[in-house]
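See below for the structure under consideration.
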Amino acid sequence: MSPSILLVLIIALSVLAFQLGKTRAIAVVGGQRRIRDLHSLPGHYGLLTAIWCGLPALLVFLAWVLLQDAVITRLVIAQLPAASQALPEAQLGLLLNDLRNVVAGNVSPEMVAPETRIAAAQYVQLRDIAELALAAIVVSIGIVGMLWVRAKIRPDLRARNSYERVIEVLLFACSAVAVFTTLGIVLSIVFEAFRFFSIVPVTEFVFGTNWSPQMAIRADQVGSSGAFGAVPLFAGTLLISFIAMIVAVPIGLFSAIYLAEYAPIKVRKYVKPLLEVLAGVPTVVYGFFAVTTVGPALRVAGEAMGLPVAGESALAAGLVMGIMIIPFVSSLSDDMITAVPQSLRDGAYALGATRSETIRQVVLRAALPGIVGGVLLAISRAIGETMIVVMAAGLSANLTANPLEAVTTVTVQIVTLLVGDQEFDSPKTLAAFALGLVLFLVTLLLNVIALYVVRKYREQYE
Amino acid sequence: MNQSSKIRPVPEGTKTIGDVTVPEPVFSCRDVDVYYGDKHAIKKVNIDIGRKQVLAMIGPSGCGKSTFLRCLNRMNDTIVGARVEGMIELDGQDIHEKRQDVVQLRARVGMVFQKPNPFPKSIYENVAYGPRIHGLAADRAELDEIVNVSLRRAGLWEEVKDRLNQPGTSLSGGQQQRLCIARAIAVNPEVILMDEPCSALDPIATARIEDLIDELRESYAICIVTHSMQQAARVSQRTAYFHLGDLIEVGETNKIFTNPQAKLTEDYITGRFG
Ligand SMILES: Nc1ncnc2c1ncn2[C@@H]1O[C@H](COP(=O)(O)OP(=O)(O)O)[C@@H](O)[C@H]1O
Ligand SMILES: [Mg+2]
């Protein structure tokens, strides 16, 4: 029986269990009219029965499906002739690959070695047995669970409480999955980064000004010794983020001021969502825009002014990234400005302040902490942004403050280090984890500060 | 002061009972109507506001007290859809005249709000804000002097003199309200409007503000909206009773409270509704 059919069967069994539990509860209390004597609603007894029928069966099912292939493969290998078993790891891997292809029907059995063919047949046989066994086990678990709960149903059984407890545990399990996944990612980054730092000293990574991660493949190869000074990457990231913020902060802030303080309600109603659409444009589209439009336009403009602008420049990437970030700044600033109580504006007007005086000296002053928080969030977005810079900023690790030259960023290097076939223990690959760690720490710090500032600000007016 | 000594006649058809006019009024309002969109919030109100005295405005919620108060410094201009008609003269000059600059008007007519609303600035800067935007101080020393005097008159100086650089929001509610009063008198207005200034304060802070109002009366005309009839009786010399946008009765405070002429006023004062 194939796993998907089995899954349907489990569900069907649970539905049956629900009905069974419900009818049993009604029967136990002595009919539909006496259900007030039950501790919980009949449906709760049904749900409880369904849970104890379906949930354990489902867990066993999942565990089995996850482990089955590994176990069967082991068994099949153990059956192989001694000669094959003694093969080195890589060749054994190839053999197993053939075996899988045969089992999956991608390759006809005549194409592979005879022992593989036999092994494949064994595999299929074992799998069929396993699936039958699984079906038998799962169904009996379900039935046992169902009957067990049914036998326990009495009017004073607290079905609702038990059922809600199960729901609570399920919800907790889901959030635990999210938390542990994050934790796992962080730990793996930290772990790999430390492996990198055991090869390349931290000081070289943090203070070195030469970045050329190409490692020699042969011992006699020249010029590719691998240098992991990340300063040019940090500088490039900062340069591009800086340009982006020069674009995004004034435009975002001023449009927020316009929308919050000056725009008629109708204009606000249409312009605000329109601005927020900018945030929904996929970053690859922005990258496209940077490469095909902004980059060439800058070069033409540069030529006209006699300035040498590289085809891929920090300026092009920064400008486009700035545009991408405008909605973050404007939307958050707008929230902060509208959160300033009207009574403060009234206070200023009543003293004879003009509209612009009121906005500059009272409203913005009050909203400043929130706006700063929003800008910090935007900076962390800019630093972590990848697609635009991959497409528009270039790959050369120049240490320069000239926005007209090509620079590279932390995110771009992570991408280039990991694209293509990689060994997972060369410093080149591990360097990506070190860069990832830096990126993670910086954006985490920015986010924590920003959230703290924004929360503090919100409390002030609630 | 040239024209203001003349008493402006009250238009025919005014139903308000009592003494609408006073000699040498600082404000003269004639047939004032306010609309919020289609809603007629204030109907043909006629009233004079005297110098160096407190006018209390009482009446059930929603009867238009705040609306009327906001006419006097044209704060209704800031409300979309609000429309004010009729004539309001400050010292004999129509405040709606083209020549009248609303910035100057508001420098002459200060306002204190229901909830204390200190700016997100230091105590010093809160008080200095008005003088700064109106250019009232030539140098820092003068500004210091204005701040000092205003805080003293508002009865707050002793409590804050050592912490002028702390934020205004760090004060207690009652102190914040006195800070707002100091902020209003720092621009040296002629009239101070107060819209339920004590409704967010505890009884002790309220008593301090009431004492303060009594002192300020020696220098300013004060208009106070209040929900407390005891407060109106304690601090005011004249009282005006509003009802559903109409000014029903106005007159000397003790007359209104001991011997109201209008049935509606009497019902309100004796607590039959409100
Ligand atoms: N901004 C506004 N827009 C529309 N209607 C308003 C506005 N402010 C007040 N009103 C209405 O005008 C009437 C008078 O309000 P208000 O002057 O605040 O009364 P009071 O201060 O006496 O309680 C009320 O019916 C109120 O609903
Ligand atoms: Mg009011």
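No lab work stands behind these numbers, since they all come straight from the coordinates. Computed from a prediction, not measured in an experiment: that's the story for all the values here. Methodologically, a virtual Cβ is constructed for each residue, glycine included, from the backbone with ideal geometry; neighbour enumeration extends over all protein chains shown.
Remarks
- FRET efficiency for residue A:455 and residue A:167, using Cβ-Cβ distance with R0 set to 41 Å, rounded to 0.05: 0.85
- Candidate lysines - alpha carbon under 23 Å from residue B:52, same-chain residues fewer than 8 apart omitted: B:6, B:65, B:255
- The range A:242-302 and the range B:93-145 have Cα centres separated by 38 Å.
- Peptide ranges A:17-23, A:105-111, A:196-202, A:249-255 listed from the most packed, as the mean C-beta count within 10 angstrom indicates: A:17-23, A:249-255, A:196-202, A:105-111
- Sequence of A:209, B:14 once ranked by neighbouring C-beta atoms within 10 Å, starting from the fewest: A:209, B:14
- Going from the fewest other Cβ atoms within 10 Å to the most, the residues A:335, B:139 appear in the order B:139, A:335.
- Axis of helix B:173-185 versus longest Cα principal axis of chain B: the two differ by about 80°, to the nearest ten degrees.
- Chain A - Kirkwood radius from inverse mean 1/r over Cα pairs (Å): 28.7 Å
- Within the same chain, lysines fewer than 8 places from residue A:22 are excluded, and of the rest, those with a Cα less than 18 Å from its Cα are A:152.
- Remark on residue A:212: its backbone amide H falls under 5 Å from those of A:227, A:228, A:229, a criterion applied only to residues 5 or more positions apart or on other chains, H modelled at 1.01 Å from N.
- Contact order, relative form, for chain A: 16 percent (alpha carbon pairs under 8 Å, 6 or more residues apart, mean separation divided by residue count).
- Diffusion coefficient, µm² s⁻¹, Stokes-Einstein with Kirkwood Rh over alpha-carbon pairs of the range A:249-373 at 25 °C and 0.890 mPa s: 148 µm²/s
- Phi-based couplings in Hz for the range A:438-443 (Karplus 6.51, -1.76, 1.60; Gly and Pro marked x): 4, 4, 4, 5, 5, 5
- Residue mean of other protein chain beta carbons inside 10 Å, B:119-128: 3
- Within the range B:165-274, the trypsin sites (Lys or Arg not before Pro) that combine a DSSP coil assignment with at most 13 other C-beta atoms in a 10 angstrom radius are B:272.
- Theoretical ellipticity at 222 nm over chain A - DSSP helices of four or more residues, -39500 (n - 2.57) apiece, nearest 500: -25000 deg cm²/dmol
- Listed by chain and number, the lysines whose C-alpha is less than 18 Å from the C-alpha of residue A:456, apart from same-chain residues fewer than 8 away, are B:121.
- With contributions of -39500 (n - 2.57) from each DSSP H run of at least four residues, the per-residue ellipticity at 222 nm computed over chain B stands at -9500 deg cm²/dmol.
- The calculated Kirkwood hydrodynamic radius for the range A:342-436 is 17.2 Å, given to one decimal from all distinct C-alpha pairs.
- Normalising the average separation of contacting C-alpha pairs (under 8 angstrom, six or more residues apart) by the number of residues puts the relative contact order of chain B at 26 percent.
- Between the range A:130-186 and the range A:383-398, the alpha-carbon center distance in angstrom: 48 Å
- Positive minus negative residues near residue A:321 (Lys, Arg vs Asp, Glu; Cβ under 10 Å): 0
- Ranked by the mean number of other Cβ atoms within 10 Å per residue, highest first, peptides A:137-147, A:371-381 order as A:371-381, A:137-147.
- Listed values for the range B:212-217 are Karplus-derived 3J(HN,Hα) couplings in whole Hz (6.51 cos²θ - 1.76 cosθ + 1.60, θ = phi - 60°), namely 4, 4, 4, 6, 5, 4, and x replaces Gly and Pro.
- Amide H contacts of residue B:86 (H built 1.01 Å from N, under 5 Å, at least 5 apart or other chain): B:33
- Partner shielding of A:349-361 amounts to 6, given as the average count of beta-carbon atoms from other chains within 10 Å of each residue beta-carbon.
- Over the range B:155-239: Rg over Rh, Cα atoms, Kirkwood Rh: 0.96
- Dimensionless Rg/Rh of the range B:67-134 - Kirkwood Rh, Rg from C-alpha atoms: 1.01
- Orientation-averaged projected area, Cα convex hull of chain B (nm²): 14.7 nm²
- Residue mean of other protein chain beta carbons inside 10 Å, A:341-348: 5
- Dipole of chain A, positive end: most advanced residue of A:386, A:80, A:348 [Cβ charges, Cα centre]: A:348
- Kirkwood-Stokes translational diffusion coefficient of the range A:227-460, alpha-carbon pairs, 25 °C, 0.890 mPa s, µm²/s: 127 µm²/s
- Net charge of Cβ neighbours under 14 Å - reference residue A:350; Lys, Arg +1; Asp, Glu -1: +4
- Integer Hz, Karplus 6.51/-1.76/1.60 couplings in order for the range B:56-73, x for Gly and Pro: 9, 10, 10, x, x, 4, x, 7, x, 4, 4, 4, 5, 4, 6, 5, 6, 10
- Net charge, residue B:65 excluded, C-beta distance under 9 Å - Lys, Arg +1, Asp, Glu -1: -2
- Peptides A:406-416, B:43-53 ranked from most to least packed give A:406-416, B:43-53, packing being the mean of other C-beta atoms within 10 angstrom over each peptide's residues.
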